[in-house]
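Undergrad: Take a look at this one; I'll ask things after.
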Number of protein chains: 2
Amino acid sequence: MTKVDPRLPRYQQIRDDIAARIAKGEWRAGDAIATEAELSSSYGVAIGTVRRAVDELANDGLIERAHGRGMFVRRADFSTSLFRFFRLGTGDSRPVIPESRILSRSLETPSVETRAKLGLGRKDNAVRMIRLRMDEGRVLLREEIWLSARLFGPILDMEVEQLMPLLYPAYEQHFGRIVARARERLRVETASPDIALDLGAATGAMVVRMERLAIDHADMPLEWRISHGLADQFVYEVDVH
Amino acid sequence: MTKVDPRLPRYQQIRDDIAARIAKGEWRAGDAIATEAELSSSYGVAIGTVRRAVDELANDGLIERAHGRGMFVRRADFSTSLFRFFRLGTGDSRPVIPESRILSRSLETPSVETRAKLGLGRKDNAVRMIRLRMDEGRVLLREEIWLSARLFGPILDMEVEQLMPLLYPAYEQHFGRIVARARERLRVETASPDIALDLGAATGAMVVRMERLAIDHADMPLEWRISHGLADQFVYEVDVH
DNA sequence: GAGTGGTCTAGACCACACT
DNA sequence: GTGTGGTCTAGACCACTCG
């Protein structure tokens, strides 16, 4: 087992090792991982110990267990993201992927904050994209997306179709970078002139600002995204206990 | 075991039964429940099966396990509530319970919406309280609280001190009603004149509106609460994957 | 029918808390 | 030391999937 803490219980070592093997790409999203029996014999532990390890991985959403079929690497779907709380005025709740329109792509000198978020050095450049998310012709969100030019520079010259409809699969397919999770932050502000223009609203309109830092399995920041949407289309729901 | 589905696996039956016994008040918040060995013999299953059941209860936050000491009924602390994302301008993050000031208590005819939320009949009255949550003299939140008059009527005549600093312990102590969980909803709006006045802001200021329906173990709604706070003091953070 | 995960058992031994 | 929960074993049998 590669560099797992030997003081930890065996089931945690096994959990960490399987997670590392997935992160390393030994099993990719959608793949079936080894069976319980195989893992039991290859790790040299009882099957109950393997079960304890994979139970935790399933709980954390890293794998999915399918009775009679096997255990599969789960693709991150960000179903809990703040984005899904944006609704059109009609408020019907079909789970659609809104269509995207990329307005611009450019090479920029990032701000201090963007550099900090992406872990860039003083001289590093960054790719900036502006994208609209729409549904039935109405603009839902206006997104400002920042990427390290060193990692993602070629994205500037790619065909737009290769970046549709979702960016994360494109990051994986063309750059081998897998978004494992993200940290999101939400606040309320008034729309600046360019944001208001893109959203089809008046300058100073109430907007929700969502920031997202997307991270890979090795905790490396991949993408910094600032999204704006009209506040009156936002309803967030959560259960607490 | 009282009315648990016999088609379910034993460990789930046991989990449901223990949850029911807690809900029924057989063990109260802070109490130690029976030990694994006791549960194992009283339910007539192996200790591993009991462990599976209590593991799930601990995972759901209903009990806490303490190595060498026992298993304890957890008190709901609502640490994930939207409330905790309100910060003063200074943004320091000590976990304080803001002081409360109850502005009014009255018996009212509830609106159709309030009746629906609390499950009240056409002729039922309701208790309405207005409360401010403050920190260092600054108003953080303005809360409008609705309760069934049939269940909580005597609260109108109680000493204010008995309702301080938190309401949920008072519900439990004086009325035997335990808040088990809550559903919260967040949106953004502009402040009405009375809300603006209480928050010390101008009418039309951007505010965050938080609705909360608090529920007991038997899924009965206990309290309907509408809270408002200044939007520029609100920052919500969440991890997604 | 062969292979997979899901449930359950009856123990052993370890680590922690209290007195 | 006694009692508690935490880890781990080596099986048995069941339920589901697929060829």
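Undergrad: For the full complex of protein chains and a 1.4 angstrom probe, list B:143, B:108, A:136, B:113 by accessible area with the highest value first.
TA: Greatest to least solvent exposure: A:136, B:113, B:108, B:143.
Undergrad: Still on this structure, I have one more. Using protein chains only and a probe of 1.4 angstrom, how many square angstrom of residue A:190 are accessible, to the nearest 10?
TA: 80
Undergrad: So if R0 is 51 Å, what FRET efficiency would residue A:174 and residue A:205 give, r being the distance between their Cβ atoms, rounded to the nearest 0.05?
TA: Result of the calculation: an efficiency of 0.90.
Undergrad: Once you have the Cα-Cα distance between residue B:75 and residue B:181, take 0.36 nm times their residue separation minus that, and quote the gain in nm to one decimal.
TA: That works out to 37.1 nm of additional length.
Undergrad: List the distances, in nm and shortest first, from the label point of residue B:25 to the matching label points in every other copy, placing each point 7 Å from Cα along the Cα-to-Cβ direction.
TA: Label-point distances to the other copies, shortest first: 6.2 nm.
Undergrad: OK, next. Which whole-angstrom value gives the distance between the alpha carbon centres of region B:177-206 and region B:144-160?
TA: When both Cα centres are located, 20 Å separates them.
Undergrad: Using a label position 7 Å from Cα in the Cα→Cβ direction, what is the ascending list of nm distances from residue A:59 to the same site in the other copies?
TA: Result, one decimal in nm: 0.5.
Undergrad: Testing the spin-label approximation: label points 7 Å from Cα along Cα→Cβ at residue A:166 and residue A:219. State their distance in nm.
TA: Reported label-point gap for residue A:166 and residue A:219 is 2.6 nm.
Undergrad: Counting only protein heavy atoms and a 1.4 Å probe, tell me what percentage of region A:10-73's accessible area is made up of carbon and sulfur.
TA: Ligands and nucleic acids excluded, carbon and sulfur reach 46 percent.
Undergrad: Then there's this: Quick one: pull the percent of accessible area on region B:103-241 belonging to carbon and sulfur, 1.4 Å probe, ligands and nucleic acids left out.
TA: Answer for region B:103-241 is 49 percent, counting heavy atoms of protein chains only.
Undergrad: Of A:110, A:169, A:193, which has the largest mean-square fluctuation in a 10 Å C-alpha GNM of chain A?
TA: A:193
Undergrad: If you don't mind, another one. Rounded to the nearest 100 Å², what is the buried accessible area between A and B, both sides summed, probe 1.4 Å?
TA: 2800
Undergrad: Can you list the residues in region A:175-220 whose accessible area drops by at least 40 Å² when all protein chains are present, compared with the chain alone? Use a 1.4 Å probe, heavy atoms only.
TA: A:183, A:184, A:185, A:186, A:188, A:206
Undergrad: Based on Cβ point charges of +1 for Lys and Arg and -1 for Asp and Glu, what charge dipole magnitude is obtained for the protein assembly as shown about its Cα centre, in debye rounded to the nearest 20?
TA: Result for the protein assembly as shown is approximately 400 debye, rounded to the nearest 20.
Undergrad: Something else about it: What 222 nm value per residue comes from the helices of chain A, counting each DSSP H run with n ≥ 4 as -39,500 (n - 2.57) and dividing by all residues, nearest 500 deg cm²/dmol?
TA: My calculation for chain A gives -7500 deg cm²/dmol from helical runs alone.
Undergrad: Please work out the Kirkwood hydrodynamic radius for region B:179-232, using every pair of different C-alpha atoms, and report it in angstroms with one decimal place.
TA: 12.0
Undergrad: Quick one: label points 7 angstrom along Cα→Cβ at residue A:173, distances to the other copies in nm, smallest first?
TA: Values, ascending and in nm: 6.2.
Undergrad: Turning to a different aspect of this structure: Skip the ligands, DNA and RNA, and give the accessible area per residue of the protein assembly as shown with a 1.4 Å probe, whole Å².
TA: 51
Undergrad: Per residue, what volume in Å³ does the Cα convex hull of region A:115-185 take up?
TA: Output value, Cα hull per residue: 116 Å³.
The values are calculated or read from the model by the stated rules, or taken from the named source; none is laboratory data. Remember, it's a predicted structure, so these values are computed and weren't measured experimentally. Please note: Cβ atoms are built from the backbone with ideal geometry, for glycine as well, and neighbour counts cover all protein chains shown. Note: accessible area is taken over every heavy atom of the protein model, side chains too, but ligands, DNA and RNA are not part of it. Shrake-Rupley method; radii C 1.70, N 1.55, O 1.52, S 1.80 Å.
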